[in-house]
There are 2 protein chains.
Amino acid sequence: MMEQVSIDLDSESRRIAGAVDSIFAQLLEPPGDPRDRLFAAMRHAAIGGGKKLRPLLAVAASRLFGIDEERAVRVGTAIEAIHVYSLIHDDLPAMDDDDMRRGKPTVHKAYDEAIAILAGDSLHALAFEILTDPATHDDPSVRSTLCGELARASGPSGMAGGQVMDLAAEGQSLDLPAITRLQQLKTGALIEFSVESACILARLPIEARTPYRGYARNVGLAFQIADDLIDHSGDEEVAGKRVGKDAGAGKATFVSLLGEDRARQQAQMLVEQAVEHLASHGAEADLLRAIAGFVTERDR
Amino acid sequence: MMEQVSIDLDSESRRIAGAVDSIFAQLLEPPGDPRDRLFAAMRHAAIGGGKKLRPLLAVAASRLFGIDEERAVRVGTAIEAIHVYSLIHDDLPAMDDDDMRRGKPTVHKAYDEAIAILAGDSLHALAFEILTDPATHDDPSVRSTLCGELARASGPSGMAGGQVMDLAAEGQSLDLPAITRLQQLKTGALIEFSVESACILARLPIEARTPYRGYARNVGLAFQIADDLIDHSGDEEVAGKRVGKDAGAGKATFVSLLGEDRARQQAQMLVEQAVEHLASHGAEADLLRAIAGFVTERDR
């Protein structure tokens, strides 16, 4: 069973999302020239929407090692910039063709397709501007490692590669290992980097990172199963976006392969395993524990 | 008058382009899974086309400071990855809607739009993977600075911002300062970073970089004027892509504002100024001098 943790996840989550939004608002002030529309599109997508799970994970993991929260928030903002760029591009007509995201019109609907492509590209670059700023960490070796690992997690060996696998999966009958691999790249890699970033900020030796990588891998997979369950349940209000589209596209999901009940059990088991990886920690891991529990009962 | 320089630009250029292609070929080996099509699209766009002006500039500038050519080639490959991602995205139907690039079908024509978006995104991330590899430089401070400056040169304050300005310029009557500013962001920033990257590799103090920044700024502008002249002249074989589209889109260019003769004179003057910035250097600057001369007489 999950242990009770005395942490107000909602208020922590709101506070951290607010801190991320503040950094975006500061970085995305209109420059007062023809790029104002680009910056407005970036703000539209980045500010005020979503649970900001990845920054929350980065901050929560940084507590294990006594890292300055401000630094973890900066890294979380860089990760969120990557996540948001990927949502903008995934929503394009040539990809998932979605009109709504986080309860608002998608960027290509609110602006246009060209601005959506360039707003995504701009947020992508912005992530590396944030990470290389000495305010993120005074050790340039930490900053360089953060950039390299974020690039790996988001590029062809990570998120972008997973998105291609997802497009290729339409009409294919993938099995459980294939779906797991696909999701590990598409959403898992960036979630895992969110936790790993705290290990990097703390300059934790690689061999000491195993439990945190285990936690992140379990949470990432539980998150994806929960996402499939939301898509399957068909509640667009909870999802903040169009649902039921995986089944519509003939895509195998954890739910289509396992059935709803077993998928739910599997997610629950993954959450319990995630929490077990934190057994050596006391109260400093409570936020990570709370996030693991939340992942299976969330809206996004 | 331009001085004669005894350097075989053609063979140097071919050799460096070959070295860049080798790195791309090595990084973009098919992974043997559903991502093979993504990697093929990245290879299609990155390998074997174009003059690779930016890597050539990075290598040429690195000679001023006795930097290992291998390092400069790696940085040049990262810059080329950014340049190629921007070409893939600019060619998309929602942007310039071009079918041909460097004499080959554009990525969305040879593959599809979704793959083109993701191949661009993947090359974007790959650039930062290359820069953060210790093979690029053993000083992590150099690697972090390269990442930060490349992000700035390619993001909303650089290339992507300039592309938005260019889209906004359709049907507007921009004046010379506005066009210069637009081009300084759209193409100038990445060309300037190509030269700056050598200063970063050499850990040259900021105050010693002025002549090289002057060279790069002049060459970048001369390059853009030459590009406008090619677009205006209408030789698609030289351009390797559709031409005459700026006039078609009602866009002001250096040629439409200055007239063909004055534009040509202006480019020539910029090239001479660029070379003057190298006056304190001997034969180690010959490749940079040769590139400056070539810029106004090139195909791309």
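The values are calculated or read from the model by the stated rules, or taken from the named source; none is laboratory data. Bear in mind the structure is a predicted one, so any value in this text is a computation, not a measurement. Positions of Cβ are backbone-derived with ideal geometry, glycine not excepted, and every protein chain shown enters the neighbour counts. We work out accessible area using only protein heavy atoms, side chains counted, and drop any ligands, DNA or RNA first. Shrake-Rupley method; radii C 1.70, N 1.55, O 1.52, S 1.80 Å.
Among (1) in a helix (DSSP H, G or I); (2) open to solvent by 20 Å² or more (accessible area, probe 1.4 Å); (3) within 23 Å of residue A:7 (Cβ to Cβ), which single condition is residue A:261 missing?
Only one criterion in (1) in a helix (DSSP H, G or I); (2) open to solvent by 20 Å² or more (accessible area, probe 1.4 Å); (3) within 23 Å of residue A:7 (Cβ to Cβ) is unmet by residue A:261, namely (3).
Hey, can you tell me all the residues within segment A:171-191 that are more than 9 Å from chain B (Cβ to nearest Cβ), in a loop (DSSP other than H, G, I, E, B) and polar (S, T, N, Q)?
A:173
All but one of (1) crowded, with 20+ Cβ neighbours inside 10 Å; (2) not aromatic (Phe, Trp, Tyr); (3) not in a helix (DSSP H, G or I) hold for residue A:30; which doesn't?
(1)
At the interface with chain A (Cβ under 7 Å from one of its Cβ atoms) and surrounded by fewer than 23 Cβ atoms within 10 Å (Cβ to Cβ): is that true of residue B:168 in this structure?
Judged against the criteria, residue B:168 is a match.
Take residue B:208 and tell me if it is more than 14 Å from chain A (Cβ to nearest Cβ), of a type in the set (A, V, I, L, M, F, W, C), in contact (Cβ under 8 Å) with a residue 40 or more places away in the chain and open to solvent by 10 Å² or more (accessible area, probe 1.4 Å).
When the stated conditions are applied, residue B:208 does not pass them.
Cβ-Cβ under 6 Å, sequence separation 6+ or interchain: first residue in segment A:118-143 and more than 7 Å from every other protein chain (Cβ to nearest Cβ), partner part of a loop (DSSP other than H, G, I, E, B). Which pairs?
Filtered contacts from segment A:118-143: no entries.
I'd like to check something: does segment A:25-43 contain any residue that is away from every other protein chain (no Cβ under 12 Å) and closer than 28 Å to residue A:227 by Cα?
For segment A:25-43, residues away from every other protein chain (no Cβ under 12 Å) and closer than 28 Å to residue A:227 by Cα: absent.
Could you figure out which of (1) touching a residue at least 12 places away in the same chain (Cβ under 8 Å); (2) more than 7 Å from chain B (Cβ to nearest Cβ); (3) farther than 28 Å from residue A:26 by Cβ isn't true of residue A:161?
It fails just one condition, (2).
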